[in-house]
Amino acid sequence: MNSIRSKLLATLMGTAFCAMSIAAIAVYFEVKDETNELFDYQLEQMAGVFLNTSTLSFDHFINKSNIEEIDNDFALIVYDAQHKKIYSTGMDVSIPYPSILGYKDQIIENKKWSSFSAKNNDKTVTVLQPEEARQEIAASTALMSILPFLIVLPIFALLIWFIVRKELSPINDFQNTVSSLDEHRLEPLIFSYLPRELKPLGDALNAMIERLKIALQARKNFVADAAHELRTPLSALLLQLELAKKSVDPKETQTALETLGKGILRANRLIEQLLMLARQEKSSDRMDEKTDLTHVVSETLITLLPLAEAKKIELIVEQIEPASIIANEYDIQTLVTNLLDNAIRYTPQRGTVSIGLYILHNVAVLKIIDNGIGVNESNKERVFDRFYRVNNHHSIGSGLGLSIVKEICQKYDIKIILEDNIPSGTIVTLEFHQERSV
């Protein structure tokens, strides 16, 4: 039973039934006890009446037409001063003289009787009542007392059902409002009435809708930007291909082919970066393993050395200390490669790029410094956006490198800092969290 309404109704009705049952049982035993006390008092009063009545007038006092009823309700025994029975009614067996006066329960012929005995100077009177008759009357009286509970219970159940249905109606309204949400037009939900208990859920839902709206818009922008970035080099490739076909001058053909090669290289790099970014988003879970950061930096330097030599850029390796971190090696290699590749691409020919790795207070710090075009203060946050390129730079690139860097840094809680390298250039610092360093 997953329905809140059903559970609430069952719980409330069950609780009400248990409460009424306990109250009815308590009333039953209370009335029963009071009835027994009343019967005891009645025995005492009857004994007093017959004690002050002469023996000769007993038969006249007791109506013979009611003898059967009297025999069923009580018995009377009278003893003289010498403890001899001088009168008896409602009792066929011989009962010995009472050993004690007052109230007493006794078994006579396997039947329980309640009795009361009293005496004066002339005689002793014992009045007996069968326990069976007493309990029957007491039970009947007690049942009559709990009859109102039995009448009220279905009325109370109906009232509970009506109240629960009325108070839970906002949940239906909430459901209808959520159902009206259009996936093509995400807007915050407006509720006509929202109880205090549902308000946090409504606020959380609206916050999620806002985040989803931003994410979907970012996805649309990404697809549009990716299509635009792919269309531009592909259009250029087609143009250069047509020029190469139509050209009769070998130099023009060579120029067209070189331009065609650069376009192919740019398109290929863009596709690689798109695949890499998609892989990072898909595998957002951390893959913790021990990675030799020093080895990753060395391998990246060897890989990108030809690119630096092609631009006659001097790669300066500063202090390199042994450092190990807990992260996936491929992710860290992608991170370092993108940062060093960016530094080389955005540094003019005959510039310098330096890299250093050292340990500071048990934190592995990787620093990459270039004397390239730098990043304006207003652009330091935007450079991590997809397809954003600083100052419309004309080097072959996709504008996705730093977006991938940002994804990896967020995945492994790596702190990245962008600073100006006076007079020109950029300083990129990576701080690997202390708990991740070894």
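Pairs to check: Lys312/Lys367; Lys166/Lys213; Lys290/Lys311; Lys32/Lys123. Give those whose C-alpha atoms are more than 24 Å from each other in this structure. From the list (Lys312/Lys367; Lys166/Lys213; Lys290/Lys311; Lys32/Lys123), the Cα-Cα distance tops 24 Å for Lys166/Lys213; Lys290/Lys311; Lys32/Lys123. Residues whose amide H comes within less than 5 Å of that of Asn421, counting only those at least five positions distant or on another chain, are Thr426, Ile427 (H built at 1.01 Å from N in the peptide plane).
Rolling a 1.4 Å probe over the heavy atoms of the protein chains gives the range 304-388 an accessible area of 47 Å² per residue.
Sequence-ordered 3J(HN,Hα) estimates for the range 148-158 from the Karplus curve with 6.51, -1.76 and 1.60 and θ = phi - 60° stand at x, 4, 5, 6, 6, 4, x, 5, 5, 4, 4 Hz, glycine and proline given as x. Along the range 13-22 the Karplus relation, 6.51 cos²θ - 1.76 cosθ + 1.60 evaluated at θ = phi - 60°, assigns HN-Hα couplings of 5, x, 5, 5, 5, 5, 5, 5, 5, 4 Hz to successive residues, with x for each Gly and Pro.
Ranked by the mean number of other Cβ atoms within 10 Å of their residues, highest first, the peptides 249-259, 332-342 come out as 332-342, 249-259. Note on the range 316-367: Cα-Cα pairs beyond 12 Å make up 70% of the total pair count. A cut-off of 5 Å between modelled amide H atoms, ignoring neighbours fewer than 5 places along the same chain, links Leu198 with no other residue. Counting only protein heavy atoms and using a 1.4 Å probe, the accessible area of Met20 comes to about 40 Å².
The values are calculated or read from the model by the stated rules, or taken from the named source; none is laboratory data. The structure presented is a predicted model; accordingly, all values stated were derived computationally and were not measured. Backbone-built Cβ (ideal geometry, glycine too); neighbour counts: all protein chains shown. Only protein heavy atoms, including side chains, enter the accessible area calculation; ligands, DNA and RNA are left aside. Shrake-Rupley method; radii C 1.70, N 1.55, O 1.52, S 1.80 Å.
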